[in-house]
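Presented below is the structure to which this report refers.
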Amino acid sequence: MGLSANSPVPSRARSLVLRFLLPLALGGLAACSQPRASSAGADPSAVAATPAAQAAVGPSVTPAGSSEPPPAEGGDAPAADAAGERAFGAPLVGDAPPVALALLLDDPARYTGQVVRTEGEISAVCQRMGCWMELRDERQRAVRVPMAGHAFFLPRDVAGRRALVEGPLSVRPLGAAEREHLEGEGAAATDVALELSATSVVVRAPLPSPSEADATE
């Protein structure tokens, strides 16, 4: 006679069920927890480590979300190369010889409004951004040289080196507020009205020190 779902199971029958069926159930669970070997007896995941699989996948690529930092970029006005000259701004136009800075200072009306090329010693540089410099001649007379439109900046450690400069020359006296601002950045020639707005600057290599010059003789 069959037993209904609500029929009580005799205690002896329960013990037989637990005795024979429980080991079988536990054995099945243990078998499921073991990794299943492939038909060839090898781990399929090991195929990806073979040279052929690596060649098919291609070279490794850093994920987009990687925490590895990007390559560092240079600053807006790095220190000048002590071993040679450096160019800033637009390329020089043509190959005209430079006009002596002393001539520009002696007769500015002759060159005002023209694009001129001249050379002198850098006597001061803006210590905030490198957006202007002062260029002086052999008689220590200076002309103000702002970088045209703040389009480029000079290193702040090039004072004392010579520079070739090209750009339009103008006469523009400074107002009191602008003079105060420039003096706060290290300017000295704020009483000079002559201004050369540089579109191109070539900072020359530093001159050898007396000891270095003696060593080469």
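Computed from the coordinates by the stated procedures, all read-outs in this text should not be read as laboratory data. Since this is a predicted model, take the numbers as computed values, not measurements. Here the Cβ positions follow ideal geometry from the backbone for every residue, glycine too, while neighbour counts run over all protein chains shown.
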**Complete:** Net charge near Ile122 (other residues with Cβ under 13 Å of its Cβ; Lys, Arg +1; Asp, Glu -1) is +1
**Prompt:** How far is it, in nm, from the label point at Glu138 to the one at Glu185 when both lie 7 Å from their Cα along the line to the Cβ?
**Reply:** 3.1 nm
**Fill in**
Cα-only Rg/Rh for the stretch 86-203 with Kirkwood Rh rounds to 0.92
**Request:** Give, in nm to one decimal, the length gained when the segment between Leu103 and Met129 is fully stretched (0.36 nm per residue of separation minus the Cα-Cα distance).
**Result:** 6.4 nm
